[in-house]
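Below: one structure, written as C-alpha coordinates.
The values are calculated or read from the model by the stated rules, or taken from the named source; none is laboratory data. Note that the structure is a prediction, hence the values are computed from the model and not measured. Here the Cβ is made from the backbone with ideal geometry for all residues, glycine too, and neighbour counts use every protein chain on show. With ligands, DNA and RNA removed, areas are computed over all heavy atoms of the protein, side chains included. Shrake-Rupley method; radii C 1.70, N 1.55, O 1.52, S 1.80 Å.
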Amino acid sequence: MTKVALSGASGNMGRILRTELQKRGVDLRSAGGRNPLVPLHEGEDIMHGDLRDPAVVDRLLNGVDVLIHLAGTSVERPLPEIIENNLVGLYQVYEGLRRNKVRRVIFASSNHAYGMHSVKDKLKLDAPFRPDGFYGLSKVWGEAMTRMYWDKHGIEGISVRIGTAMGKPPAEFRHLSTWFGTEDLVDLMMQCINVPDVGYMAVWGVSNNTRSYWDNTGAEKLGYKPKQNSENFAPEILKQPNPLDPIARQYQGGGFVTLDFTPVDARPGRS
Ligand code: 15L
(Lines give C-alpha, C1' and ligand atoms only; values in the text may rest on other atoms or scores of the structure.)
Protein backbone atom coordinates (compact mmCIF):
# COMPACT_ATOMS: atom_id res chain seq x y z
CA MET A 1 0.00 0.00 0.00
CA THR A 2 1.17 3.51 -0.81
CA LYS A 3 2.45 5.32 2.28
CA VAL A 4 1.69 9.04 2.15
CA ALA A 5 3.19 11.77 4.34
CA LEU A 6 1.43 15.09 4.93
CA SER A 7 3.42 18.09 6.16
CA GLY A 8 1.66 21.16 7.51
CA ALA A 9 -1.07 18.97 8.99
CA SER A 10 -2.02 21.54 11.62
CA GLY A 11 -2.74 24.28 9.06
CA ASN A 12 -6.13 25.05 7.52
CA MET A 13 -5.77 22.78 4.53
CA GLY A 14 -3.71 20.24 6.43
CA ARG A 15 -6.48 19.68 8.98
CA ILE A 16 -8.96 18.99 6.20
CA LEU A 17 -6.67 16.63 4.31
CA ARG A 18 -5.54 14.78 7.41
CA THR A 19 -9.13 13.84 8.18
CA GLU A 20 -10.48 13.35 4.68
CA LEU A 21 -7.60 11.31 3.23
CA GLN A 22 -7.77 8.87 6.12
CA LYS A 23 -11.53 8.57 5.56
CA ARG A 24 -10.71 7.55 2.00
CA GLY A 25 -8.39 4.84 3.24
CA VAL A 26 -5.01 6.53 2.68
CA ASP A 27 -2.18 5.19 4.86
CA LEU A 28 -1.13 8.60 6.17
CA ARG A 29 1.64 10.02 8.35
CA SER A 30 0.76 13.55 9.42
CA ALA A 31 3.28 16.11 10.62
CA GLY A 32 2.60 19.20 12.68
CA GLY A 33 5.10 22.00 13.23
CA ARG A 34 5.99 23.40 16.63
CA ASN A 35 3.23 21.68 18.63
CA PRO A 36 2.41 17.97 18.85
CA LEU A 37 -0.74 16.84 17.03
CA VAL A 38 -3.50 15.24 19.06
CA PRO A 39 -4.24 11.78 17.56
CA LEU A 40 -7.56 11.51 15.72
CA HIS A 41 -7.71 7.80 16.51
CA GLU A 42 -5.65 5.26 18.37
CA GLY A 43 -2.40 4.43 16.64
CA GLU A 44 -2.58 7.33 14.19
CA ASP A 45 0.83 7.90 12.57
CA ILE A 46 1.70 11.45 13.64
CA MET A 47 4.80 13.48 14.40
CA HIS A 48 5.89 17.10 14.60
CA GLY A 49 9.00 19.23 14.38
CA ASP A 50 10.94 21.82 12.47
CA LEU A 51 11.49 20.65 8.90
CA ARG A 52 14.67 22.71 8.56
CA ASP A 53 16.23 19.93 10.68
CA PRO A 54 17.25 16.93 8.50
CA ALA A 55 16.63 14.51 11.38
CA VAL A 56 13.01 15.67 11.60
CA VAL A 57 12.67 15.39 7.81
CA ASP A 58 13.96 11.80 7.98
CA ARG A 59 11.38 10.93 10.63
CA LEU A 60 8.68 12.31 8.32
CA LEU A 61 9.87 10.58 5.15
CA ASN A 62 11.19 7.24 6.32
CA GLY A 63 9.28 4.50 4.43
CA VAL A 64 7.17 7.03 2.53
CA ASP A 65 6.17 6.76 -1.16
CA VAL A 66 4.43 10.12 -1.66
CA LEU A 67 4.76 13.42 0.22
CA ILE A 68 2.04 16.07 0.21
CA HIS A 69 4.02 19.15 1.17
CA LEU A 70 1.87 21.89 2.68
CA ALA A 71 4.19 23.13 5.45
CA GLY A 72 5.55 26.66 5.36
CA THR A 73 4.35 30.24 5.52
CA SER A 74 1.03 30.55 3.70
CA VAL A 75 0.49 34.32 3.68
CA GLU A 76 2.51 37.42 2.83
CA ARG A 77 5.28 37.98 5.41
CA PRO A 78 8.64 39.77 5.57
CA LEU A 79 11.21 38.20 3.26
CA PRO A 80 13.55 36.74 5.95
CA GLU A 81 10.70 34.65 7.36
CA ILE A 82 9.65 33.48 3.90
CA ILE A 83 13.23 32.52 3.06
CA GLU A 84 13.59 30.40 6.21
CA ASN A 85 10.26 28.61 5.98
CA ASN A 86 9.62 28.35 2.26
CA LEU A 87 13.08 28.29 0.67
CA VAL A 88 15.47 26.79 3.23
CA GLY A 89 12.72 24.53 4.63
CA LEU A 90 11.82 23.30 1.16
CA TYR A 91 15.45 22.59 0.33
CA GLN A 92 15.80 20.44 3.47
CA VAL A 93 12.58 18.56 2.70
CA TYR A 94 13.56 17.92 -0.92
CA GLU A 95 17.02 16.68 0.07
CA GLY A 96 15.15 14.37 2.46
CA LEU A 97 13.12 13.07 -0.50
CA ARG A 98 16.38 12.01 -2.11
CA ARG A 99 17.82 10.39 1.02
CA ASN A 100 14.62 8.46 1.69
CA LYS A 101 13.97 7.54 -1.95
CA VAL A 102 10.48 9.06 -1.89
CA ARG A 103 8.83 8.46 -5.26
CA ARG A 104 6.65 11.56 -5.63
CA VAL A 105 6.04 14.99 -4.10
CA ILE A 106 2.81 16.95 -4.34
CA PHE A 107 3.83 20.56 -3.82
CA ALA A 108 1.29 23.08 -2.53
CA SER A 109 1.95 25.97 -4.88
CA SER A 110 -0.36 28.96 -4.90
CA ASN A 111 -2.29 31.23 -7.22
CA HIS A 112 -0.18 34.03 -5.70
CA ALA A 113 2.74 32.96 -7.91
CA TYR A 114 0.47 34.33 -10.70
CA GLY A 115 -1.33 37.02 -8.72
CA MET A 116 -0.31 40.03 -10.85
CA HIS A 117 -2.21 38.71 -13.87
CA SER A 118 -5.34 40.69 -14.61
CA VAL A 119 -8.72 39.37 -13.51
CA LYS A 120 -9.70 39.73 -17.18
CA ASP A 121 -7.27 36.96 -18.19
CA LYS A 122 -7.86 33.23 -18.14
CA LEU A 123 -4.56 31.49 -17.50
CA LYS A 124 -3.51 28.24 -19.08
CA LEU A 125 -1.01 25.94 -17.38
CA ASP A 126 1.91 27.53 -19.23
CA ALA A 127 1.11 31.08 -18.07
CA PRO A 128 4.18 33.05 -16.98
CA PHE A 129 4.86 33.54 -13.30
CA ARG A 130 3.72 36.97 -12.06
CA PRO A 131 4.06 36.75 -8.27
CA ASP A 132 2.18 39.29 -6.18
CA GLY A 133 4.61 39.38 -3.24
CA PHE A 134 7.36 37.49 -1.44
CA TYR A 135 5.00 34.64 -0.58
CA GLY A 136 4.08 34.23 -4.25
CA LEU A 137 7.74 34.47 -5.15
CA SER A 138 8.52 31.59 -2.78
CA LYS A 139 6.01 29.47 -4.68
CA VAL A 140 7.87 30.25 -7.91
CA TRP A 141 10.96 28.84 -6.19
CA GLY A 142 8.94 25.83 -5.05
CA GLU A 143 7.55 25.06 -8.50
CA ALA A 144 11.01 25.36 -10.04
CA MET A 145 12.50 23.20 -7.30
CA THR A 146 9.82 20.54 -7.82
CA ARG A 147 10.63 20.54 -11.54
CA MET A 148 14.38 20.33 -10.86
CA TYR A 149 14.08 17.35 -8.50
CA TRP A 150 12.24 15.46 -11.25
CA ASP A 151 14.64 16.45 -14.02
CA LYS A 152 17.79 15.92 -12.01
CA HIS A 153 16.89 13.30 -9.42
CA GLY A 154 13.89 11.42 -10.87
CA ILE A 155 11.50 12.32 -8.04
CA GLU A 156 8.07 12.84 -9.59
CA GLY A 157 6.47 16.17 -8.82
CA ILE A 158 3.09 17.83 -9.12
CA SER A 159 2.77 21.55 -8.46
CA VAL A 160 -0.79 22.21 -7.34
CA ARG A 161 -1.53 25.93 -7.77
CA ILE A 162 -4.11 26.29 -5.08
CA GLY A 163 -6.87 28.88 -5.28
CA THR A 164 -9.04 29.50 -2.21
CA ALA A 165 -9.32 26.27 -0.21
CA MET A 166 -10.77 27.17 3.14
CA GLY A 167 -13.08 24.28 3.85
CA LYS A 168 -16.04 26.68 3.67
CA PRO A 169 -18.39 27.92 0.98
CA PRO A 170 -17.18 30.86 -1.12
CA ALA A 171 -17.81 34.08 0.78
CA GLU A 172 -16.91 37.02 -1.48
CA PHE A 173 -16.82 38.08 -5.13
CA ARG A 174 -13.21 36.97 -5.80
CA HIS A 175 -14.01 33.46 -4.56
CA LEU A 176 -16.44 33.04 -7.47
CA SER A 177 -13.24 32.68 -9.54
CA THR A 178 -10.79 31.14 -7.04
CA TRP A 179 -12.82 28.75 -4.87
CA PHE A 180 -11.51 25.21 -4.39
CA GLY A 181 -14.22 23.19 -2.64
CA THR A 182 -13.26 20.49 -0.15
CA GLU A 183 -14.67 17.58 -2.15
CA ASP A 184 -12.71 18.69 -5.21
CA LEU A 185 -9.57 19.27 -3.11
CA VAL A 186 -9.70 15.74 -1.75
CA ASP A 187 -10.51 14.29 -5.22
CA LEU A 188 -7.52 16.11 -6.71
CA MET A 189 -5.18 14.92 -3.97
CA MET A 190 -6.36 11.32 -4.41
CA GLN A 191 -5.58 11.58 -8.12
CA CYS A 192 -2.19 13.13 -7.38
CA ILE A 193 -1.38 10.21 -5.07
CA ASN A 194 -2.62 7.41 -7.32
CA VAL A 195 -2.23 8.30 -11.00
CA PRO A 196 0.82 6.46 -12.39
CA ASP A 197 3.75 8.03 -14.24
CA VAL A 198 3.13 11.75 -13.93
CA GLY A 199 6.78 12.77 -14.27
CA TYR A 200 6.53 16.49 -13.58
CA MET A 201 3.33 18.43 -14.10
CA ALA A 202 1.37 21.38 -12.79
CA VAL A 203 -2.36 21.73 -12.17
CA TRP A 204 -4.60 24.56 -11.02
CA GLY A 205 -6.20 23.66 -7.69
CA VAL A 206 -9.63 25.06 -8.35
CA SER A 207 -13.22 23.87 -8.59
CA ASN A 208 -15.29 23.86 -11.76
CA ASN A 209 -16.16 27.54 -11.28
CA THR A 210 -18.00 29.27 -14.12
CA ARG A 211 -15.85 32.39 -13.55
CA SER A 212 -12.53 30.57 -12.93
CA TYR A 213 -9.34 32.50 -13.71
CA TRP A 214 -7.62 29.23 -14.61
CA ASP A 215 -7.85 26.56 -17.29
CA ASN A 216 -6.56 23.03 -16.68
CA THR A 217 -6.35 22.01 -20.34
CA GLY A 218 -3.21 19.88 -20.59
CA ALA A 219 -3.53 18.24 -17.17
CA GLU A 220 -6.00 15.56 -18.37
CA LYS A 221 -3.72 12.65 -17.50
CA LEU A 222 -4.28 13.47 -13.85
CA GLY A 223 -7.94 12.56 -14.32
CA TYR A 224 -9.11 15.41 -12.08
CA LYS A 225 -12.77 16.18 -12.75
CA PRO A 226 -13.98 18.93 -10.41
CA LYS A 227 -17.65 18.76 -9.51
CA GLN A 228 -18.17 21.84 -7.38
CA ASN A 229 -18.99 25.27 -8.81
CA SER A 230 -18.94 28.52 -6.82
CA GLU A 231 -21.60 29.93 -9.15
CA ASN A 232 -24.21 28.17 -7.02
CA PHE A 233 -23.38 30.73 -4.32
CA ALA A 234 -23.36 33.73 -6.69
CA PRO A 235 -26.89 35.00 -5.93
CA GLU A 236 -25.99 35.41 -2.23
CA ILE A 237 -22.48 36.76 -2.84
CA LEU A 238 -23.61 39.33 -5.41
CA LYS A 239 -25.99 40.83 -2.84
CA GLN A 240 -23.03 41.69 -0.58
CA PRO A 241 -20.46 44.47 -1.05
CA ASN A 242 -17.11 43.39 -2.52
CA PRO A 243 -14.61 43.71 0.39
CA LEU A 244 -11.62 44.26 -1.93
CA ASP A 245 -10.18 47.71 -2.62
CA PRO A 246 -9.96 49.05 -6.21
CA ILE A 247 -6.38 47.79 -6.77
CA ALA A 248 -7.09 44.31 -5.41
CA ARG A 249 -10.12 44.03 -7.70
CA GLN A 250 -7.96 44.34 -10.81
CA TYR A 251 -5.59 41.46 -10.12
CA GLN A 252 -6.07 37.74 -9.63
CA GLY A 253 -4.14 37.81 -6.35
CA GLY A 254 -6.75 40.11 -4.80
CA GLY A 255 -5.80 41.54 -1.38
CA PHE A 256 -2.20 40.23 -1.52
CA VAL A 257 -1.55 42.68 -4.38
CA THR A 258 -2.41 45.77 -2.34
CA LEU A 259 0.15 44.96 0.39
CA ASP A 260 3.18 47.21 -0.19
CA PHE A 261 1.88 48.17 -3.65
CA THR A 262 3.42 51.26 -5.27
CA PRO A 263 0.60 53.40 -6.69
CA VAL A 264 1.02 54.21 -10.36
CA ASP A 265 1.52 57.95 -9.74
CA ALA A 266 4.37 57.25 -7.24
CA ARG A 267 6.36 55.09 -9.66
CA PRO A 268 9.64 56.06 -11.30
CA GLY A 269 9.14 58.48 -14.15
CA ARG A 270 6.07 60.06 -12.51
CA SER A 271 6.43 63.39 -10.77
C1 15L B 1 -3.15 31.32 -0.58
O2 15L B 1 -2.16 30.92 -1.15
C3 15L B 1 -3.18 31.51 0.89
O4 15L B 1 -2.42 30.53 1.55
C5 15L B 1 -4.58 31.57 1.45
O6 15L B 1 -4.49 32.13 2.75
C7 15L B 1 -5.54 32.39 0.58
O8 15L B 1 -5.17 33.73 0.61
C9 15L B 1 -5.51 31.89 -0.84
O10 15L B 1 -4.19 31.82 -1.34
C11 15L B 1 -6.34 32.79 -1.78
O12 15L B 1 -5.78 33.35 -2.72
O13 15L B 1 -7.54 32.91 -1.54
Under the Karplus curve 6.51 cos²θ - 1.76 cosθ + 1.60, θ = phi - 60°, whole-Hz ³J(HN,Hα) for the stretch 82-96, x wherever Gly or Pro sits: 4, 4, 4, 7, 9, 9, 5, x, 5, 4, 5, 5, 6, 5, x
Intensity falloff of the stretch 25-76 expressed as log10 I(q)/I(0), Debye formula with alpha-carbon point scatterers, at q = 0.15, 0.30 Å⁻¹: -0.44, -1.39
Accessible carbon and sulfur surface of the chain relative to its total accessible area, %, 1.4 Å: 53
Cα-based shape type of the stretch 12-159, given that a ≥ b ≥ c are square roots of the gyration tensor eigenvalues and the cut on a/c is 1.5: prolate
Prolate/oblate/rounded call for the stretch 153-192, Cα gyration tensor, a/c under 1.5 rounded: prolate
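For S118, S74, give the ranking by accessible area with the largest first, probe 1.4 Å.
Numbers: S118 35, S74 80 Å².
Most to least solvent-accessible, the answer reads S74, S118.
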Whichever lysines have a C-alpha closer than 22 Å to that of K101, once near sequence neighbours (fewer than 8 apart) are set aside: K3, K152
Long-range HN-HN contacts of G205 with modeled amide H, under 5 Å: R161, I162, G163
Surface accessible to a 1.4 Å probe, per residue, for the residues of the chain, Å²: 48
Rounded to the nearest 10 Å², the accessible area of E156 at probe 1.4 Å: 20
Alpha carbon convex hull of the stretch 97-232, volume per residue in cubic angstrom: 109
For L6, distant residues with modelled amide H under 5 Å away: R29, S30, A31, I68
Mean projected area in nm² (Cα convex hull; one quarter of hull surface) for the chain: 15.4
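Restricting to DSSP H runs of at least four residues, report the calculated mean residue ellipticity at 222 nm for the chain, -39500 (n - 2.57) per run over all residues, nearest 500 deg cm²/dmol. Write out the running numbers ahead of the final one.
Working: 9 runs with 80 residues, N = 271.
The helix contribution divided over the chain gives -8500 deg cm²/dmol.
How big is the dipole moment of the stretch 138-271 about its Cα centre under a simple scheme where the beta carbon of each Lys and Arg is +1, that of each Asp and Glu is -1, and everything else is neutral? Debye, nearest 20, please.
Details: 14 positive and 15 negative charges, 55 e Å.
The dipole of the stretch 138-271 has a size of about 260 debye.
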Angle between the chain longest axis and helix 134-153 axis [Cα atoms, degrees, rounded to 10]: 40
Separation of alpha-carbon centers, the stretch 87-124 and the stretch 179-195, rounded to whole Å: 16
In degrees, nearest ten, helix 182-194 long axis to first principal axis of the chain (Cα): 50
